[in-house]
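This report concerns only the one structure given below.
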Amino acid sequence: MMHEAGTATEQTRARLLDAAREVFSQHGFQGATVREICRRAEANVAAVNYHFGSKDGLLAEALNFAPLKAMQLANIEAGGAPEMRLCLFIRDFMLMLLDETNGSLPCRIMARELADPTPALDKIVREAIAPLHEFLGELLREIAGEKTGEAELRRCMHSILGQCLYYRHSHPVLQRLHPRLRYDQKEIAAIALHIADFSLAGINAISKPTAK
């Protein structure tokens with residue numbers, strides 16, 4: 001009997017986390033309500049305090065960036081030319097941001113926080129954004145070469161991430177401008193390839209020594 005109760009408790013906790021990730025990704029931390037999360041999880045409102053202590057505690061648990069870390073590790077292990085690894089990174093990152101069928105809800109929560117910051121941003125920067133910037137910066141250094149300055153390299157990184165995040169942040173606008181636009185895997189792959197080609201051309205132009 002105790003085992004069944006424990007299992008039911010664990011199931012409720014898991015449902016609350018799944019529901020919280022959905023609601024946070026759709027409405028942001030400030031716009032999300034405990035009542036809506038519990039409604040989707042089919043749980044009592046008191047369950048949030050019981051399992052997580054507070055809405056803040058629930059967010060801290062919901063922000064699991066393991067898929068983002070695993071993607072970076074897989075990219076390193078893939079090996080090959082850094083240009084190919086950049087293309088792979090952009091494709092996988094865009095799938096996390098845009099693919100509703102197989103995307104990373106914590107990654108979309110991160111994107112939403114960047115557009116509308118809340119106190120959760122400190123945790124997101126520390127656990128997700130700073131490691132991502134370090135990873136991408138090292139990859140771009142391999143492509144651009146040692147002669148490219150740190151400030152220029154940083155701007156290249158911001159330009160790439162800015163292109164990726166634009167498609168997430170501006171989705172409502174793009175839907176209205178292009179009603180037939182759908183972020184299926186084929187379209188996401190095409191967008192990612194464009195961003196990679198466009199970015200590599202820019203990096204190559206910047207990193208080439210200017211003729212005197």
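I need V125, V23, V173 ordered by Cβ neighbour count within 10 Å, fewest first.
Numbers: V125 17, V23 25, V173 10.
Result, fewest neighbours first: V173, V125, V23.
Take the Cα gyration tensor of the chain, multiply each eigenvalue by 5, square-root it, and list the three semi-axes largest first, rounded to whole angstrom.
Working: eigenvalues 280, 69, 49 Å².
That gives 37, 19, 16 Å for the three semi-axes.
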Response to the item:
Sequence order, the stretch 127-140: Karplus ³J(HN,Hα) from phi using 6.51 cos²θ - 1.76 cosθ + 1.60, θ = phi - 60°, Hz rounded, Gly and Pro as x, gives 8, 10, 6, 4, x, 5, 5, 5, 4, 5, x, 5, 5, 5
Practice prompt. For K208, go through the lysines and keep the ones whose alpha-carbon is under 26 Å away, minus same-chain ones fewer than eight residues off.
Written response: K147
Worksheet, complete the sentence: Answer check: the stretch 2-62, Cα atoms, Kirkwood Rh, Rg/Rh ratio of 0.97
Worksheet item: Can you give the helix-only mean residue ellipticity at 222 nm for the chain, where every DSSP H stretch with n ≥ 4 adds -39500 (n - 2.57) and the sum goes over all residues, rounded to the nearest 500 deg cm²/dmol?
Response: -24500 deg cm²/dmol
Worksheet entry | Mean Cβ neighbour count within 10 Å, used as a protection proxy, ranking 81-92, 129-140 highest first | 81-92, 129-140
Item to complete: Please state the charge dipole magnitude for the chain, taken about the Cα centre, from unit charges on C-beta atoms (+1 on K and R, -1 on D and E), reported in debye and rounded to the nearest 20.
Response: 560 debye
Worksheet entry | Label-point separation, R126 to H27 (7 Å along Cα→Cβ), nm | 2.7 nm
Discussion item. From the phi angles alone, apply the Karplus equation (6.51, -1.76, 1.60; θ = phi - 60°) to the stretch 158-163 and give each ³J(HN,Hα) in whole Hz, x where the residue is Gly or Pro.
Written reply: 5, 5, 5, 5, x, 4
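We did not get these values from a lab; they are worked out from the coordinates using the rules stated. For clarity, every value in this text was computed on a predicted model and none was experimentally measured. Note that we place each Cβ from the backbone using ideal geometry, even for glycine, and neighbour counts take in every protein chain shown.
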